[in-house]
Amino acid sequence: MMDWTDRHCRLFHRQITRHTWLYTEMVTTGALVYGDVERHLRFNDEEHPVALQLGGSDPHDLAVSARLGEKWGYDEINLNCGCPSERVQKGAFGACLMAEPELVRDCVKAMRDAVSIDVTVKHRIGINETESYDFVRDFVGQVADAGCRTFIVHARNAILKGLSPKENREIPPLKYEYAYRLKRDFPDFEILINGGIKTEAEIDEHLRHVDGVMLGREAYHNPYLMATFDRRYYGDDAPVKSREEVLRAMMPYIAAQLAQEGGRGLKLNTITRHMLGLMQGLPGAKNFRQTLSDSKKLASGDPALLLDAIPRGL
């Protein structure tokens, strides 16, 4: 998610779940072909397994960017065909690419030819008023001609004009059955579902029909939901970290990052802003958020602030 799932956020999430796949923010091909590659691709080794999500529509530039992603050590390259923002549309990528499945196929082929790791596609079920299941079925079928076998389906239409990105996540109705039908029509493909999923019960129900579930904003705003994922979905019986243990695990990382990059503008809240939802649903959660958002306390740059913020009686 843009401006959210940066390397600090992903390292924090990795303290909660060891096995869940993590995805980067969408990185545009222009940022990699013409910009600061290290700034956009640097990540922590602890993040594995981690996928690089790319935004672009030029096969050559996507191939160059995918090759860079593999060189930097990412485990998967994901092409975003689901973002509806006007800024992304002006770059001729994101959800508007669903109108050009042949181009998406060519982009995927170029990336698959360039790398040995998996190339996957994240997409919507339709664009604008196109609501027929046949549309997304044909899109997946055509893209699959390039060898893609993993599709992450945000089960809403993308409205390219008239709705903000936030409204695009709320107004178009969810049609999970479309993702289920894709799995039935393409049983050999890996179909993952995304959109509006918030509880383990919902995840379990979806897994009766598809191969995997992607969480977006719920994982960000309520990250401790993922604390049981390793045991529940990956068969890992290692002890679950408490919220306090998660915070303590972050402290050496924060101290090291501030020591390395404090002179280049990195501040304590650059990292702690991703942690505000850790106490979601608990008494004291509001005070926790307030403490980690207090500019005077943050100015100290002391990671011990995390311990001061822990609700009493936790």
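The values are calculated or read from the model by the stated rules, or taken from the named source; none is laboratory data. Here the structure is a predicted model, which means the values were calculated and not measured. Don't worry about glycine lacking a Cβ; one is built from the backbone with ideal geometry, like all the others, and counts go over all protein chains shown. Note: accessible area is taken over every heavy atom of the protein model, side chains too, but ligands, DNA and RNA are not part of it. Shrake-Rupley method; radii C 1.70, N 1.55, O 1.52, S 1.80 Å.
Data overview
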| quantity | calculated |
| --- | --- |
| Flag for GLN280 being open to solvent by 50 Å² or more (accessible area, probe 1.4 Å), closer than 30 Å to LYS166 by Cβ and touching a Phe, Trp or Tyr at 6+ places or on another chain (Cβ under 8 Å) | yes |
| Boolean, LEU174 is of a type in the set (A, V, I, L, M), modelled with pLDDT of 95 or more and under 21 Å from the mean Cα position of the chain (by Cα) | yes |
| Boolean, PRO187 is within 24 Å of CYS81 (Cα to Cα) and free of Cβ contacts under 8 Å to residues at least 12 places away in the same chain | yes |
| The range 94-131: number of residues that are at pLDDT below 95, within 19 Å of the chain's Cα centre (by Cα) and not hydrophobic (A, V, I, L, M, F, W, C) | 1 |
| Those helices (runs of 4 or more DSSP H) lying entirely in the range 248-314 with at least 1 residues within 18 Å of ALA227 (Cβ to Cβ) | 285-291, 305-309 |
| Out of PHE139, PHE93, sole residue that is farther than 24 Å from PRO187 by Cβ and among the aromatic types (Phe, Trp, Tyr) | PHE93 |
| Of all residues in the range 142-160 being touching an Asp or Glu at 6+ places or on another chain (Cβ under 8 Å) and either of a type in the set (D, E, K, R) or assigned to a helix (DSSP H, G or I) (or both), the one that is nearest to GLY196 (Cα to Cα) | ARG149 |
| Any hit, the range 261-277, residues being without any contact (Cβ under 8 Å) to a residue 12 or more places away in the chain and either of a type in the set (Lys, Arg) or open to solvent by 50 Å² or more (accessible area, probe 1.4 Å) (or both) | yes |
| Residue within the range 3-22 that is surrounded by fewer than 16 Cβ atoms within 10 Å (Cβ to Cβ) and either of a type in the set (Gly, Ala, Ser) or within 18 Å of THR272 (Cα to Cα) (or both) present | yes |
